[in-house]
Each structure stands twice: as C-alpha cells, then as structure tokens.
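Structure first, then comments.
The values are calculated or read from the model by the stated rules, or taken from the named source; none is laboratory data. These figures come from a predicted structure and were not determined experimentally. Cβ sites come from the backbone with ideal geometry, for glycine too, and all protein chains shown count toward neighbours.
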Amino acid sequence: MSTSAPMLKVDGLVKRFGGVVALDGISFEIEEGSVHAILGPNGCGKTTLFNLIDGSLKTTAGRVEFDGHRIDGLSSSKIVRMGIARKFQVPGVFNDLTVAQNLEVALAGEDGRFGFLGLLLARPERVRRDRLAEVAGLTEKLEYAVAELSHGEKQRLEIAMLLTRNVRLLLLDEPTAGMSVTETEAIAELVCVLRDEHGLTVLVVEHDLLFVKTLGAPILVANDGKIIASGDYDAISQDPRVVQSYLGAAANA
Amino acid sequence: MKSKRRGLYATVAAWVALGILGLLFDGWLLSQMAIYFCYGMFAMGLSLIWGQAGILSFGQAIFFGAGAYGFALVTLNKIPGLGVSVAMGFVVAIVLATALAAVIASLTFAARGLSGAHFAIVTLCAAVVVETATTRSDYLGGYNGLFGIPPLSWNGTMIGDHALYYLMLSITLLAFLSVVAIIRSPYGTLLEAIRDNEHRVRHLGYVPHHLKSAAFILAGALSGLAGALFAAQFGFVSPSLLGFALSTQVLVWVAVGGRAVPMAAMLGALVVPGAENMLSNVLGDVWLLVIGVLFVAVVVAARGGVFGNLLRLPLPQRLRE
Ligand SMILES: Nc1ncnc2c1ncn2[C@@H]1O[C@H](COP(=O)(O)OP(=O)(O)O)[C@@H](O)[C@H]1O
Ligand SMILES: [Mg+2]
C-alpha cells in the first residue's frame with residue numbers, strides 16, 4: 001500500500017543522557033507494509049531509538065509520528081494500543097510462566113480488554129493461541145515453563161506474542177542475538193512472512209551484518225547517533241564511510 | 001496427568017477434613033477454630049496480592065482492623081443514623097476496608113509507581129500510623145479498643161458453636177472459590193505476569209498499576225470481611241488488629257503455608273496460630289524460636305511453603321493442551 005503519508009516518521013530525534021549524546025538528530029520515514037533494517041555497532045543508539053519510539057523514554061528534541069499523529073510523549077501502553085509492538089533486545093518473555101500462559105498474556109487484552117473486569121471475564125480464543133504457538137514453533141511445548149526454552153525459542157516466542165489483532169508496526173531489537181546461523185536464517189524468513197502474510201510493517205535494528213544481509217531489506221546505517229548511509233546491502237557495503245566506521249570495526253570484533 | 005490432579009484431590013480432602021473437624025470438637029475449641037477461619041480469609045487475600053502478583057504488603061492488618069472496627073462501630077451504635085444492624089455492620093466494614101485499600105493503592109501504585117521494597121516500607125509505615133492514630137482516638141476507644149460487640153444471632157437467639165463453625169467454614173469456602181476463580185481467569189495470569197516482569201506487561205498495552213490496584217482492593221475487601229467476622233465472634237476490637245504486628249504475622253502464616261496457593265495460605269493461617277495457641281503454653285518463649293526457625297526454613301529451603309506443592313491446583317484446562 002503506497003499512501004502519501006509514511007506510517008512512521010522520525011524527525012530530528014535527539015536523546016542525551018547527561019553528557020552522553022545517544023541520538024544526535026535521527027530522521028527517517030517508513031512506509032506501511034515495508035521491512036527496514038537499521039544497522040549499527042553496539043552503543044550507537046539503536047535501543048535508545050526504540051525507547052523513544054515506544055514511549056519508554058522522553059525525547060530531548062525532535063518528534064515521532066505514527067499515522068500522521070504525534071506519539072512522542074504518550075505512555076507506552078497507549079503507544080502499544082495504537083499498534084506499535086516491540087521485541088526487546090533481552091527477550092521480554094515471562095520466564096516463570098508456561099508458553100501457553102505467555103501467549104494468554106499477549107492475547108488477553110486484544111479487542112481492548114486491558115482492564116480488570118475485561119480480563120476477569122475474557123474467554124481467550126484457543127484458535128488464535130494455537131496459531132501464535134505455531135508461528136513461534138512451540139506447538140509441542142505449550143505447557144513448558146519458558147525458563148526451560150532455548151534462547152532462540154524465547155526470541156521466537158516473544159515475536160509471536162507481539163502478533164495481536166491490532167498490531168501494525170513491529171520494532172525488533174536485535175532479534176537474532178545469540179542465535180545460530182540456521183536460527184538466524186529462520187528469523188529472517190519469519191520477518192518476511194510477517195510482512196507478506198500478516199501485512200505488518202517491520203523495523204529491525206541489528207549490529208549483525210549477516211542477518212541484515214539475509215533479510216534483504218533496505219538498510220539505514222547508524223553510527224554515533226546519526227544515520228550515515230542508506231540503501232540496499234550492496235550499496236551500503238560499498239560506501240566508504242560505512243566500511244570505515246562499521247565494517248572495519250566489525251572485522252576486528 | 002495423575003500427579004497434576006493430586007493438588008485437586010488434596011484440596012478437596014482438606015475441605016472435607018475441615019468439615020469433619022466440626023463434628024469432632026465442641027465448646028471453646030470449636031469456637032476458637034471458627035475464629036481462625038477469619039485469619040484464613042485474611043491470608044487468602046494476602047495470597048492473592050503477594051503470591052499471585054508479587055506485591056509484598058506489610059500493612060494488610062489495616063484492612064482487617066478497618067473491617068473489625070467498622071463492624072464494631074455500627075453494632076455498638078456509634079455511627080448515628082446507621083442503626084445497629086449486623087448486615088449494615090458488614091457493609092460498613094467492607095466499604096471501609098475497600099476504600100482504605102483504594103486510597104493506599106492510588107497513593108502508591110498509581111501516583112508514585114511504587115513497588116517492591118518501597119511499597120513494603122510504605123505499607124509498613126501506614127500500618128504503624130493507623131495503629132498509633134487509633135490508640136489516640138477516644139471515639140475508637142483508644143488503647144482499650146471497643147467492647148461488647150454483640151455475638152452473631154439468628155432470630156434473636158445466639159448462633160451455637162457448631163452452627164457458627166459451619167457458617168464460618170461456608171463463608172471461607174466461598175471466599176476460597178472466589179479467589180480461585182480470580183487467579184484462574186486471564187486476569188490471574190496477568191497478575192502472575194506482573195510478578196514476573198511488570199515492564200513487559202506494560203509494553204503489551206496493559207497498565208500494570210491498574211491491575212495491581214484491583215488485586216490490592218479485592219484483597220482489602222476480603223480482609224475487611226474477615227475482620228468484621230472476627231469482631232463479631234471475638235466481641236472486642238483493639239488497635240493491635242490494625243497494626244504492624246498482625247500484618248507481619250499474616251505474612252508468616254502465608255509464607256509458611258505457601259503463598260502462591262490460596263488453600264495453602266489459608267491452612268497456614270489455621271495451623272500456625274493454632275499451633276501457637278497450643279504450644280506457646282507448653283513451650284513459652286521457645287515457641288517464638290520454633291516459628292522463627294520454621295519461617296526461615298521456608299524462606300530458604302521450601303519456597304512453596306509447607307502445603308504449597310501438595311495443594312497446588314492444576315492449571316486451567318484452557319492452558320493445557
Ligand atoms: N538509560 C540510559 N542512561 C544513560 N545512558 C544510556 C542509557 N541508555 C543508553 N545509554 C547510552 O546511550 C548510548 C546508546 O546506547 P544504546 O541505545 O543501548 O545502543 P545500542 O542499542 O545501539 O547498542 C550508549 O552510549 C549508552 O551507554
Ligand atoms: Mg541495543
């Protein structure tokens with residue numbers, strides 16, 4: 001769908017922590033139905049960017065718009081309800097709960113039942129739950145405690161938990177951290193499925209070059225809180241600034 | 001599957017056993033046991049917030065005491081215009097406890113985002129303040145409290161020991177079923193999720209402090225009912241019912257019984273004070289040592305409590321394959 005206004009618009013975003021400038025005027029736009037990756041080394045401000053978009057932190061300057069509405073300054077729960085869901089860098093799953101319980105938490109508030117009475121009386125749909133378990137590849141493990149899952153399984157579970165009826169934009173913070181090559185490829189595939197079959201818009205931040213390459217999506221390269229290059233993988237990998245500031249560092253890592 | 005149903009069978013067996021106990025005893029001992037059911041309900045309220053949602057409160061006696069005082073004030077005709085009806089006594093008790101819980105919830109969770117140790121300390125201070133204020137209030141009887149609360153009666157005759165026991169058993173069973181219905185609903189799952197990772201719950205679109213406040217208020221209401229029933233049987237209320245000491249005791253009962261399992265918490269509140277009653281005469285101060293050691297042992301070694309694992313109900317059918 002190519003509409004005139006972008007779904008997400010980040011404009012001149014600045015975030016300072018005391019003397020540390022984590023984001024130094026970042027601007028970009030994301031069209032509905034697309035997948036974009038932001039590539040950048042550790043500490044370049046990727047997680048901070050997500051913290052600003054989803055209302056976890058207050059901006060120092062700049063603005064964030066979703067569907068043409070300004071959202072910076074809104075609470076996280078409001079922003080989620082508008083349709084922006086986030087996967088955290090450290091998997092944000094409930095370790096003490098079972099897989100089925102985790103999915104219930106994700107789905108129970110669907111259709112606006114976020115309050116006490118709505119939840120008390122909610123009759124969760126088995127079909128939806130089973131569908132998400134399938135996405136996570138955990139159909140056989142519904143009764144497992146999440147603490148018993150592998151790191152990769154937790155990552156997939158968390159992504160599945162974001163797929164509620166009202167979600168439209170997914171923010172994925174390093175979804176392949178700590179994964180094997182095969183698992184990484186599976187996640188890249190999953191992201192494409194989310195776009196093509198679930199109609200979702202996806203913004204991924206990553207420091208892992210391989211994943212971004214596998215993903216095959218347009219890339220914004222960030223360094224020191226700024227976007228320094230953009231384009232597809234071949235274009236950015238030729239860019240001297242990228243090679244110097246990012247690929248050089250990665251080669252040594 | 002067999003091991004999963006064990007908790008259900010054990011829970012039913014425990015209720016049957018409590019029913020049979022009423023046939024085996026009479027007199028003072030039986031009325032004592034009936035009073036302990038008040039502690040049992042009080043403990044289930046704490047289990048709801050602490051065991052399920054991870055909210056550690058050192059001020060639960062505020063609500064128990066508010067219920068007791070509310071009931072006493074009405075039945076002693078100290079609130080002009082309300083009359084002396086027992087029914088009104090219960091209404092005032094529950095309303096008062098609920099309102100106090102709502103005030104504390106809004107001052108802590110909602111206004112300041114307090115949780116964990118900060119919340120525990122605030123509730124502890126609140127209990128001390130409420131207890132101290134009550135001892136200074138002439139209207140509330142000061143240190144001595146309020147005497148002469150009329151015993152529960154039916155058509156003008158006092159309810160006998162056995163009837164009272166089974167009345168209390170039934171009310172406690174109803175409270176148990178209500179708490180179980182709450183924690184087995186999706187709302188109960190949300191409370192568990194909050195206990196585990198409140199931040200993630202917020203980022204799934206919920207407002208955790210609303211959900212925590214609801215649990216806290218429900219627990220307050222249940223504690224208020226328990227306090228009113230206590231006052232009705234004990235005939236006398238005093239500031240210690242509102243204070244820090246009782247708040248701590250109920251934490252010990254619930255921890256020893258098993259905080260995450262309402263039935264276990266309830267049995268903790270029957271068994272620990274019951275044992276205290278019997279053994280403190282024999283053991284004297286050594287009793288304190290025994291309960292202290294038991295508490296530490298539970299905290300360190302058996303986190304599920306003495307009865308927790310035995311009485312844990314299987315997950316609801318919808319959460320199983
Ligand atoms: N809450 C915070 N308080 C202070 N400094 C922070 C905070 N969050 C991030 N930073 C700093 O901002 C910079 C960017 O961090 P981050 O966004 O986590 O990077 P990335 O996710 O790209 O690895 C780092 O220098 C980090 O130390
Ligand atoms: Mg990061």
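Here are the numbers for the structure shown:
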{"read-out": "Number of positions in segment A:133-151 that are assigned to a loop (DSSP other than H, G, I, E, B) and either buried (at least 20 other Cβ atoms within 10 Å of the Cβ) or of a type in the set (Asp, Glu) (or both)", "value": "3"}
{"read-out": "Pairs where the first residue, in segment B:233-259, is more than 19 Å from B:GLN52 (Cα to Cα) and the second is of a type in the set (Ser, Thr, Tyr), C-beta under 6 Å, 6+ apart", "value": "B:VAL237/B:TYR69; B:PRO239/B:THR134; B:PRO239/B:THR135; B:LEU242/B:THR134"}
{"read-out": "Matching residues, segment A:168-185, being under 17 Å from A:HIS36 (Cα atoms), more than 16 Å from ligand 1 (Cβ to nearest atom) and of a type outside the set (S, T, N, Q)", "value": "A:ARG168, A:LEU169, A:LEU170, A:GLU185"}
{"read-out": "Segment A:67-108, residues that are of a type in the set (A, V, I, L, M), at the interface with chain B (Cβ under 7 Å from one of its Cβ atoms) and in contact with a Ser or Thr (Cβ under 8 Å, 6 or more places away or on another chain)", "value": "A:LEU97, A:VAL105, A:ALA106, A:ALA108"}
{"read-out": "Set A:THR182, A:THR201: member being buried (at least 20 other Cβ atoms within 10 Å of the Cβ) and among the hydroxyl-bearing types (Ser, Thr, Tyr)", "value": "A:THR201"}
{"read-out": "Among the residues listed as B:ALA102, B:ALA127, B:ALA93, B:ALA97, the single one being assigned to a helix (DSSP H, G or I), modelled with pLDDT of 95 or more, more than 21 Å from B:LEU56 (Cα to Cα) and not polar (S, T, N, Q)", "value": "B:ALA93"}
{"read-out": "Flag if A:ILE227 is more than 14 Å from every other protein chain (Cβ to nearest Cβ) and within 16 Å of ligand 1 (Cβ to nearest atom)", "value": "yes"}
{"read-out": "Neighbours by Cβ (under 7 Å, 6+ apart or cross-chain): first from segment A:37-58, of a type in the set (Ser, Thr, Tyr); second at pLDDT below 95 and more than 9 Å from ligand 1 (Cβ to nearest atom)", "value": "A:SER56/A:SER76"}
{"read-out": "Positions within segment A:40-58 being within 12 Å of ligand 1 (Cβ to nearest atom), within 14 Å of chain B (Cβ to nearest Cβ) and in a loop (DSSP other than H, G, I, E, B), in sequence order", "value": "A:SER56, A:LEU57"}
{"read-out": "Scope segment A:13-38; condition part of a strand (DSSP E or B) and more than 25 Å from A:SER237 (Cα to Cα); matching residues", "value": "A:LEU13, A:VAL14, A:LYS15, A:ARG16, A:PHE17, A:VAL20, A:VAL21"}
{"read-out": "Residue count for segment B:133-149, restricted to those that are out of contact with any Gly (no Cβ under 8 Å at 6 or more places or on another chain) and surrounded by 14 or more Cβ atoms within 10 Å (Cβ to Cβ)", "value": "5"}
{"read-out": "Residue among B:ALA260, B:ALA264, B:ALA226 that is in a loop (DSSP other than H, G, I, E, B) and aliphatic (A, V, I, L, M)", "value": "B:ALA260"}
{"read-out": "Among (1) within 13 Å of chain B (Cβ to nearest Cβ); (2) closer than 20 Å to B:GLY205 by Cα; (3) basic (Lys, Arg), the one test that A:ARG156 misses", "value": "(1)"}
{"read-out": "Search result, residues across segment A:64-96 that are assigned to a strand (DSSP E or B) and more than 16 Å from ligand 1 (Cβ to nearest atom)", "value": "A:GLU65, A:PHE66, A:HIS69, A:ARG70, A:ILE84, A:ALA85"}
{"read-out": "Which listed residue is touching a Pro at 6+ places or on another chain (Cβ under 9 Å), within 16 Å of ligand 1 (Cβ to nearest atom) and either small (Gly, Ala, Ser) or at the interface with chain B (Cβ under 9 Å from one of its Cβ atoms) (or both), from A:ALA37, A:ALA61", "value": "A:ALA37"}
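Rundown of residues vs (1) of a type in the set (A, V, I, L, M, F, W, C); (2) out of contact with any strand residue (DSSP E or B) (no Cβ under 7 Å at 6 or more places or on another chain), yes/no style:
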site	(1), (2)
B:PHE147	yes, no
B:THR157	no, yes
B:LEU167	yes, yes
B:VAL179	yes, yes
B:ILE182	yes, yes
B:GLY188	no, yes
B:LEU191	yes, yes
B:ARG195	no, yes
B:PRO208	no, yes
